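A.B. asks: Here it is, the structure, as structure tokens.
Each value in this text was obtained by applying a stated rule to the coordinates, not by laboratory testing. Only a predicted model underlies this, so the values are computations on that prediction, with no experimental measurement involved. Glycine gets a Cβ as well: all are built from the backbone with ideal geometry, and neighbour counts include every protein chain shown.
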Amino acid sequence: MTYPASSADSAAALSVWVALESPTSHAAGVNGMMDLVAKDVAGLPIAVERVPGRDGLGDMVLLRAGLDNGQPAVALMSHLDTVHPVGTSARDLPVRIEGDRLYGPGVCDMKGGAWLALQAFKEVAMAGSAKRPLAFLFTPDEEIGSPTSRGLIEEVGRGAAAVLITEPARQGGKVVTARKGVGRFEVKLEGRPSHAGTRHADGRSAIREAAHQILAIEGMTDYARGITTSVALMGGGTAANVIPQHAWFSVDCRVTTHADGVMMENRILGLKAHDPDVAIRITGGMNRPPYEKSTAVAGLFETARGIAAGIGFDLQDAPMTGGGSDGNFTAALGVPTLDGLGIEGEGAHTLQEFALISSIAPRRALIKGLLETI
């Protein structure tokens with residue numbers, strides 16, 4: 001088997017992946033992506049394990065290759081779900097090449113990184129040049145918090161000497177060595193309905209209570225400590241002339257340390273109603289632990305930096321980023337984790353999403369070097 005050598009061939013091959021739309025909720029599309037992975041490694045010295053999806057989500061694929069020498073593996077991880085709904089490529093974001101840019105839904109986050117990492121994985125598997133066993137996990141649900149894949153992510157992570165995550169590179173090709181922890185909470189309130197004109201005093205407004213709680217939660221933001229809280233989804237009420245019986249809203253919380261995650265979870269779950277006649281029910285918690293730049297993570301980054309220097313570029317790491325990834329799970333286990341190894345580009349999650357074709361070859365070479373060096 002031969003691999004695309006030129007940038008044009010790489011862009012064409014990646015375009016096939018991008019053209020197959022795979023939003024998280026579209027299990028058929030996600031499974032189509034898993035089919036492409038399996039097809040790409042067919043006939044190679046790579047074992048393929050397919051884990052059926054559940055809860056209406058897509059499958060997972062776990063590839064294994066390299067030496068079976070009892071050593072912990074080097075593990076790659078990529079998600080193949082995207083945020084763009086089916087039809088985006090036909091209407092608002094057609095798959096196309098303009099100069100060095102390859103446009104399309106999910107090309108940056110993160111089909112570009114998944115594709116180039118798979119090419120590196122195949123190269124090393126065929127050459128038998130790794131010092132350790134190799135694993136590559138493809139998941140279907142990262143964009144919604146990895147509810148069905150977290151268990152396998154952590155299982156593969158625990159058996160690894162290092163984990164490499166192919167989320168997109170940061171500006172200038174920087175990799176990620178730290179991410180904030182992410183919490184998600186749902187708040188539901190129930191008051192007492194009444195006619196807004198004739199029985200106003202009898203009512204207890206769930207929306208009024210929600211307003212008190214939203215201000216309290218937003219007020220927990222502490223930029224100096226890297227803690228942010230935000231409410232971006234809310235609803236309630238039944239009619240314009242009825243004191244609202246019901247209201248709800250969602251909370252997003254980001255923290256930089258495990259201790260702050262515990263503290264914020266307790267603060268949010270412990271909120272009490274301002275009006276004792278309104279019931280408040282809060283569910284959720286911290287669903288991605290913070291990914292902190294430990295000594296082991298710093299050492300893995302230095303290894304990558306040395307490999308990059310040999311390829312011909314100066315690799316830097318970005319400051320702690322507010323977005324979470326599956327790297328949060330493995331880093332929290334104490335496993336050295338390096339993230340942001342994927343393709344360079346911009347506009348992730350937008351209708352201007354693109355990847356830089358010129359970044360494919362060096363990022364692929366970097367991952368190949370890591371698989372052979374660790």
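A.B. asks: Taking semi-axes √(5λ) of the Cα gyration tensor in Å straight from the coordinates, which label in (i) 32, 27, 19; (ii) 37, 21, 20; (iii) 42, 23, 18 is the correct one?
C.D. replies: (iii)
A.B. asks: Can you list the lysines whose alpha carbon sits under 22 Å from that of K293, skipping same-chain ones fewer than 8 residues off?
C.D. replies: Reachable lysines: K174, K180.
A.B. asks: Listed highest first by mean packing, meaning other Cβ atoms within 10 Å per residue, what order do 256-264, 64-72 come in?
C.D. replies: Ranking the peptides 256-264, 64-72 by packing returns 256-264, 64-72.
A.B. asks: For K188, give me every one of the lysines with a C-alpha distance below 20 angstrom, ignoring sequence neighbours fewer than eight places off in its own chain.
C.D. replies: K272
A.B. asks: Amide H to amide H, which residues 5 or more places from T321 or on other chains are under 5 Å from it, using H placed in the peptide plane?
C.D. replies: Excluding prolines and chain starts, which carry no amide H, the hits are A178, R179, K180.
A.B. asks: Lysines near K122 by alpha-carbon distance under 17 Å, same-chain residues fewer than 8 away left out - which ones?
C.D. replies: By straight Cα distance, K122 reaches K39, K111, K131, K368.
A.B. asks: Same structure, new question: Using only Cα atoms, locate the centre of the range 108-132 and the centre of the range 283-316, then give the distance between them in Å, rounded to an integer.
C.D. replies: The range 108-132 and the range 283-316 have Cα centres spaced 18 Å from each other.
A.B. asks: Can I ask one more? In whole Hz, with x marking every Gly and Pro, tabulate ³J(HN,Hα) for the range 301-308 from phi via Karplus 6.51 cos²θ - 1.76 cosθ + 1.60, θ = phi - 60°.
C.D. replies: Coupling constants for the range 301-308: 4, 5, 4, 5, 5, x, 5, 4 Hz.
A.B. asks: Would you mind counting up the charge near W248? Only other residues with Cβ under 13 Å from its Cβ, with Lys and Arg at +1 and Asp and Glu at -1.
C.D. replies: -1
A.B. asks: Below 14 angstrom from the Cβ of E143, what's the summed charge of the other residues (Lys, Arg +1; Asp, Glu -1)?
C.D. replies: Its environment carries a net charge of -4.
A.B. asks: Further question: Using each residue's phi in the range 120-127, evaluate 6.51 cos²θ - 1.76 cosθ + 1.60 at θ = phi - 60° and report the 3J(HN,Hα) Karplus result to the nearest Hz, with x for Gly and Pro.
C.D. replies: Each residue's phi maps through the Karplus curve to give 5, 4, 4, 4, 5, 4, 5, 7 Hz.
A.B. asks: Roughly how tilted is helix 258-269, in degrees to the nearest 10 and between 0 and 90, from the longest Cα axis of the chain?
C.D. replies: For 258-269 against the chain, the angle is about 30 degrees.
A.B. asks: How do the peptides 50-63, 106-119, 220-233 rank, highest first, by the average count of neighbouring beta carbon atoms within 10 Å per residue?
C.D. replies: Peptide ranking by packing, descending: 106-119, 50-63, 220-233.
A.B. asks: Quick one: Cα centre-to-centre distance for the range 22-49 and the range 193-243, in angstrom?
C.D. replies: 44
A.B. asks: Please list, in order along the range 366-374, the HN-Hα scalar couplings obtained from phi with the Karplus expression 6.51 cos²θ - 1.76 cosθ + 1.60 (θ = phi - 60°), rounded to whole Hz, x for Gly and Pro.
C.D. replies: So the J values, rounded to whole Hz, are 5, 5, 4, x, 5, 5, 8, 9, 5.
A.B. asks: Work through the residues other than H274 whose Cβ is under 9 Å from its Cβ and net out their charges, Lys, Arg +1 and Asp, Glu -1.
C.D. replies: Result for the neighbourhood of H274: 0.
A.B. asks: Still on this structure: Helix 206-218 sits at what angle to the longest principal axis of the chain, using alpha carbons and giving 0 to 90 degrees rounded to 10?
C.D. replies: Tilt relative to the chain: about 50 degrees.
A.B. asks: Further question: For every helix of n ≥ 4 consecutive DSSP H residues, a contribution of -39,500 (n - 2.57) applies; sum these over the chain, divide by its total residues, and give [θ] at 222 nm rounded to the nearest 500 deg cm²/dmol.
C.D. replies: Calculated from helices alone, the mean residue ellipticity at 222 nm is -10000 deg cm²/dmol.
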